[in-house]
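The values are calculated or read from the model by the stated rules, or taken from the named source; none is laboratory data. Bear in mind the structure is a predicted one, so any value in this text is a computation, not a measurement. Every residue, glycine among them, receives a Cβ derived from its backbone with ideal geometry; neighbour counts consider all protein chains shown. The protein model used for the area step is the full one, side chains on, heavy atoms only, and it has no ligands, DNA or RNA in it. Shrake-Rupley method; radii C 1.70, N 1.55, O 1.52, S 1.80 Å.
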Amino acid sequence: MRATNDSAVSPVVGVMLMLVVTIVIAAVVSAFAGGIYSDQKKAPQAALSCESMVESVQDEDKTNDDPDYPGGFKANNGLLFKHEGGDPFSIHDIQVQIQSRDKKTTIDPAMVFRSSQSCADTSKLRFREVDGTSMPTYLYKYAGDSGDIIKPGDKFAVIADGCYDNAETASEPRGMFITWQPEGAEGRFEVQVGTKIEYEIVDKASGKGIQKGSCVLY
């Protein structure tokens, strides 16, 4: 009787077991990674355009860097954004980061004006209760239906609370400026009219950018 050779059985079984274990590990790792990825917040995918919005800059004393408004002067200056397409989002869920030259600031929808230093027409703005007082905020829906959801075709504005003209001062730079100085801020953020301003719209939940770009303030 011819002897049977079973010497190759064990190596084959070993290779098969290694393949099975590898496949199981790969499936577990993939599922785990997928779970982590699905738990991460995603920023809305939207295309936005930006344009400057400078209605007027008036200053009765151009020999200093302070706002000296004529009586009754009101103007809504700032940046105007239009939702060109993509996901809708709430105006409460974003921040607008602005940079001019080497200075940066972040405008949050919860920030309110300093009540005594604003030249903006607050009748058009959103308000928030602060210590029992209704205060104007910097972001508001500029065009579209009522509510705070920004959809394709809607516009929203980032309003500057102040402005000044220092054309006759000895300091540099000289010209017209629009400014932001929210309640509680240590300093004033300013952008000179006629210069480039860079921006990024950031989704607050994920911390990720929705749109970034630049425009010239004029």
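Values for this structure:
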quantity	calculated
Failed criterion for residue 131 (all others in (1) more than 20 Å from residue 43 (Cβ to Cβ); (2) surrounded by 15 or more Cβ atoms within 10 Å (Cβ to Cβ) hold)	(2)
Residues of region 134-150 satisfying the condition of being in a strand (DSSP E or B) and open to solvent by 70 Å² or more (accessible area, probe 1.4 Å)	142, 149
For residue 120: the one exception among (1) closer than 24 Å to residue 202 by Cα; (2) part of a loop (DSSP other than H, G, I, E, B); (3) open to solvent by less than 50 Å² (accessible area, probe 1.4 Å); (4) small (Gly, Ala, Ser)	(1)
In region 179-200, residue farthest from residue 73 (Cα to Cα) [restricted to those that are open to solvent by 70 Å² or more (accessible area, probe 1.4 Å) and assigned to a strand (DSSP E or B)]	198
Spans of strands (runs of 3 or more DSSP E) in region 1-117 with at least 3 residues exposed (fewer than 10 other Cβ atoms within 10 Å of the Cβ), modelled with pLDDT under 90 and acidic (Asp, Glu)	none
Looking only at region 154-178, and only at residues there that are assigned to a strand (DSSP E or B) and open to solvent by 10 Å² or more (accessible area, probe 1.4 Å), the one that is nearest to residue 64 (Cα to Cα)	165
